[in-house]
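The block underneath contains the structure these notes are about, expressed in structure tokens.
The values are calculated or read from the model by the stated rules, or taken from the named source; none is laboratory data. Fair warning: this is a prediction, and the values are worked out from it, not measured in the lab. All Cβ positions, even for glycine, are placed from backbone atoms using ideal geometry, and neighbour counts span all protein chains on display. Remember, those area values only see protein heavy atoms, side chains included, never the ligands or the DNA or RNA. Shrake-Rupley method; radii C 1.70, N 1.55, O 1.52, S 1.80 Å.
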Amino acid sequence: MAVITPERLSLNTATTRAQWKLDQAIEGCARHGFGGLSPWRDQLQALGADKAARQIRDAGLGVSGLCRGGWYTAEGALTDAVLEDNRRAVDEAATIGSECLVMVVGGLPKGRRDLDGARAMIEEGLAKTLDYARTVNVKIAIEPLHPMYAADRAAVNTMAQALDICDRLGDGIGVAADVYHIWWDPAVKAEISRAGKERLMAFHLCDWLVPTTDMLNDRGMMGDGVIDIPDLRAAVEAEGFSGLNEVEIFSAENWWKRDPDEVMEIIIERAANCC
């Protein structure tokens, strides 16, 4: 398995969001020789999608994903406002030439306990968004989140659940496989194989720290935790995945406090030696 070189890396801008605005992240990725980046929508909207697209193109970077669409359960029903926001997300992904629109689909509606109902709402919302995304050639990538987020962030928690939805909805929808969310799953390799090249739309890197001190904002740099990242990378590459390796680290007490150029240099070193 080949070493991950900088041109095979993408920076998910969550990794440096405390230090860099999007234009700075674009410049930083180009300066460090990264192959691309994955913006978050709030930063993209602050810069402007058209301007961001020009800057990304001028820097010679790819776009491994746009974070994020979804949140279908946020208003307790599949409202026009939620659907319209996802339509805007699709348009933004198209404008910047993103490989996919990453979906964090939403958890239980506030005050509810009907998990099956939440999942049905999510699938209906994904179907409606996919119908529009197909018209503008944007791929939809469901990101299954670790089960600890089932209540508040995503009621789709395994690759198997995500792929079951993909099976029912058809072409143009697949998965974003984030090692932080899938490493624990005993069926993960079988589900990676089931996904295959066409439905493995993104691959996200970070690590699971022990102890983990915050459910959301204490991800580790690759090599600092317990995930067998090379094993998972070998599995996705065995299916033909050839996209960028996207580094996404939420780290309020560590990496968000460091010089962002130092963070980029350490990403390069860890990608080469720990992934």
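Out of region 235-275, which residues are surrounded by fewer than 21 Cβ atoms within 10 Å (Cβ to Cβ) and of a type in the set (Ser, Thr, Tyr)? Within region 235-275, just 242 meets the criteria.
Examine region 58-65 for a residue that is within 27 Å of residue 149 (Cα to Cα), in contact with a helix residue (DSSP H, G or I) (Cβ under 7 Å, 6 or more places away or on another chain) and not small (Gly, Ala, Ser), and state whether such a residue exists.
So in region 58-65, the residues within 27 Å of residue 149 (Cα to Cα) come out as 63-65.
Filter once more, keeping what is in contact with a helix residue (DSSP H, G or I) (Cβ under 7 Å, 6 or more places away or on another chain): 63.
If we keep only those that are not small (Gly, Ala, Ser) too, we end up with 63.
Within region 58-65 (the criterion being within 27 Å of residue 149 (Cα to Cα), in contact with a helix residue (DSSP H, G or I) (Cβ under 7 Å, 6 or more places away or on another chain) and not small (Gly, Ala, Ser)), the answer is yes, since at least one residue qualifies.
Looking only at residues in region 206-223 that are surrounded by fewer than 21 Cβ atoms within 10 Å (Cβ to Cβ) and either touching a Lys or Arg at 6+ places or on another chain (Cβ under 8 Å) or aromatic (Phe, Trp, Tyr) (or both), the one that is nearest to residue 186 (Cα to Cα) is 208.
I'm trying to understand the selection: among the residues of region 68-123, which are basic (Lys, Arg) and under 15 Å from the mean Cα position of the chain (by Cα)?
We begin by selecting, within region 68-123, every residue basic (Lys, Arg); these are 68, 87-88, 110, 112-113, 119.
Once the filter is applied, which keeps residues that are basic (Lys, Arg) and under 15 Å from the mean Cα position of the chain (by Cα), region 68-123 yields only 68.
Looking at region 147-156, can you tell me whether even one residue there is farther than 22 Å from residue 45 by Cβ, in contact with a Phe, Trp or Tyr (Cβ under 8 Å, 6 or more places away or on another chain) and not basic (Lys, Arg)? Within region 147-156 (the criterion being farther than 22 Å from residue 45 by Cβ, in contact with a Phe, Trp or Tyr (Cβ under 8 Å, 6 or more places away or on another chain) and not basic (Lys, Arg)), the answer is no, since none of the residues qualifies. For region 30-78, what are the residues that are assigned to a loop (DSSP other than H, G, I, E, B) and closer than 24 Å to residue 242 by Cβ? Those that are assigned to a loop (DSSP other than H, G, I, E, B) and closer than 24 Å to residue 242 by Cβ: 32, 33, 34, 35, 39, 59, 60, 61, 64, 65.
Remark: residue 2 falls outside the filter, which requires a residue to be touching a residue at least 40 places away in the same chain (Cβ under 8 Å), assigned to a loop (DSSP other than H, G, I, E, B) and open to solvent by 10 Å² or more (accessible area, probe 1.4 Å). For first residues located in region 68-85 and touching a residue at least 40 places away in the same chain (Cβ under 8 Å) and among the hydroxyl-bearing types (Ser, Thr, Tyr), partners that are part of a loop (DSSP other than H, G, I, E, B) and surrounded by 20 or more Cβ atoms within 10 Å (Cβ to Cβ) and lie 6+ apart or on another chain with Cβ distances below 9 Å form the pairs 72/105; 73/105; 73/107; 73/155. Flag not set for residue 51, criterion: open to solvent by 20 Å² or more (accessible area, probe 1.4 Å), over 21 Å from residue 15 (Cβ atoms) and touching a residue at least 60 places away in the same chain (Cβ under 8 Å). Identify, from the list 188, 175, 226, the residue that is among the β-branched types (Val, Ile, Thr), within 16 Å of the chain's Cα centre (by Cα) and within 23 Å of residue 1 (Cα to Cα). Of 188, 175, 226, the one residue that is among the β-branched types (Val, Ile, Thr), within 16 Å of the chain's Cα centre (by Cα) and within 23 Å of residue 1 (Cα to Cα) is 175.
Residues that are assigned to a loop (DSSP other than H, G, I, E, B), among the aromatic types (Phe, Trp, Tyr), without any contact (Cβ under 8 Å) to a residue 60 or more places away in the chain and in contact with a Leu (Cβ under 7 Å, 6 or more places away or on another chain): does region 168-185 have at least one?
Scanning region 168-185, I find at least one residue that is assigned to a loop (DSSP other than H, G, I, E, B), among the aromatic types (Phe, Trp, Tyr), without any contact (Cβ under 8 Å) to a residue 60 or more places away in the chain and in contact with a Leu (Cβ under 7 Å, 6 or more places away or on another chain), so the answer is yes.
When the criteria are applied in full, residue 195 meets the requirement of being at pLDDT 95 or above and either surrounded by fewer than 20 Cβ atoms within 10 Å (Cβ to Cβ) or assigned to a helix (DSSP H, G or I) (or both).
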